[in-house]
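The next block holds one structure in the form of structure tokens; read it before the comments.
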Amino acid sequence: MSAFDPDAEQSGDVAFRLMAPSFVRLFWRTSVLQTAVGELRERGYQVVRLDAVGWMREADLHRDIAAALDFPDYYGRNLDALNDCLRNVVTCDYGTSREATGLVLVFIGYDAFTRRCPRAAQVVLDIFADQARAAALIGHRMCCLVQSDDPAIRFNPVGAMPVMWNDAEWLDSSRQQDRP
């Protein structure tokens, strides 16, 4: 089973456009993010939104992601445990439903968390990218949309793929001067 229909035209499918180059995509303008999220919801995706602006410590991330994805009580609240639990999200044991088209994890204000906890911020994206790739192998769609108020933010590759800006961010020619 493929995650996308190989015989269908994919150029108009926002999920395909977002996931084809990388399972983790950056957004700067919230209006562009809201448009993408709206289209994904319309297509049956489960969207989980987490506000990273207030995360002062890595523990804040673990608290919020565990609650949002209904992690079991034994979740160890560390990066290894996050990887383990996301593996179970891939197989729809919890955190998402097989009835959903896919799972979209949205981090808002991730640049604030990245400034406070740079290593954890990078590793979280890498874990998600790895698990999203595993999900694609079994026909389950997962992606992570990362909103940053810093248009110059950069991450090392995650899941052996670059963390790229979404394709709609710089389409408005009046915004070209803002491009990092």
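For the stretch 40-57, what are the residues that are open to solvent by 60 Å² or more (accessible area, probe 1.4 Å) and touching a residue at least 24 places away in the same chain (Cβ under 8 Å)? I'd like the intermediate steps shown before the answer.
Here is the first cut: in the stretch 40-57, the residues open to solvent by 60 Å² or more (accessible area, probe 1.4 Å) are 41-43, 49, 51, 53, 56-57.
Of everything in the stretch 40-57, those that are open to solvent by 60 Å² or more (accessible area, probe 1.4 Å) and touching a residue at least 24 places away in the same chain (Cβ under 8 Å) turn out to be 43, 49, 51, 53, 56, 57.
How many residues are of a type in the set (Lys, Arg) and loosely packed, with under 15 Cβ neighbours inside 10 Å when one looks only at the stretch 79-115? Break it down stepwise before answering.
Quick first cut of the stretch 79-115, residues of a type in the set (Lys, Arg) only: 87, 98, 115.
Cutting the leftovers down to loosely packed, with under 15 Cβ neighbours inside 10 Å gives us 98, 115.
Final tally of qualifying residues: 2.
Quick check on my filter: what residues within the stretch 14-28 are without any contact (Cβ under 8 Å) to a residue 60 or more places away in the chain and crowded, with 19+ Cβ neighbours inside 10 Å? Reasoning before the result, please.
Residues of the stretch 14-28 that are without any contact (Cβ under 8 Å) to a residue 60 or more places away in the chain, as a first pass: 14, 16, 20.
The answer is 14, and nothing else.
Would you confirm, using the coordinates I've provided, whether residue 100 is in contact (Cβ under 8 Å) with a residue 24 or more places away in the chain and within 16 Å of residue 52 (Cα to Cα)?
Numbers: in contact (Cβ under 8 Å) with a residue 24 or more places away in the chain: yes; within 16 Å of residue 52 (Cα to Cα): no.
Here the answer is no, as residue 100 does not meet what is asked.
May I ask you to list the residues in the stretch 136-171 that are outside any loop (DSSP other than H, G, I, E, B) and in contact (Cβ under 8 Å) with a residue 24 or more places away in the chain? Lay out the reasoning, then the answer.
Let us first name the residues in the stretch 136-171 that are outside any loop (DSSP other than H, G, I, E, B), namely 136-137, 141-147, 158, 161, 164-165.
If the condition is that a residue be outside any loop (DSSP other than H, G, I, E, B) and in contact (Cβ under 8 Å) with a residue 24 or more places away in the chain, then 136, 141, 142, 143, 144, 145, 146, 147, 158, 161, 164, 165 are the ones that fit.
Could you check residue 65 against (1) touching a helix residue (DSSP H, G or I) at 6+ places or on another chain (Cβ under 8 Å); (2) within 23 Å of residue 140 (Cβ to Cβ); (3) open to solvent by 30 Å² or more (accessible area, probe 1.4 Å) and say which number it fails?
So residue 65 meets the others, but not (3).
The values are calculated or read from the model by the stated rules, or taken from the named source; none is laboratory data. Every value quoted in this text rests on a predicted model; they were computed, and no experiment measured them. In this analysis, Cβ positions are derived from the backbone assuming ideal geometry, glycine residues included, and neighbour counts consider all displayed protein chains. For accessibility, only protein heavy atoms count, side chains too; no ligands or nucleic acids. Shrake-Rupley method; radii C 1.70, N 1.55, O 1.52, S 1.80 Å.
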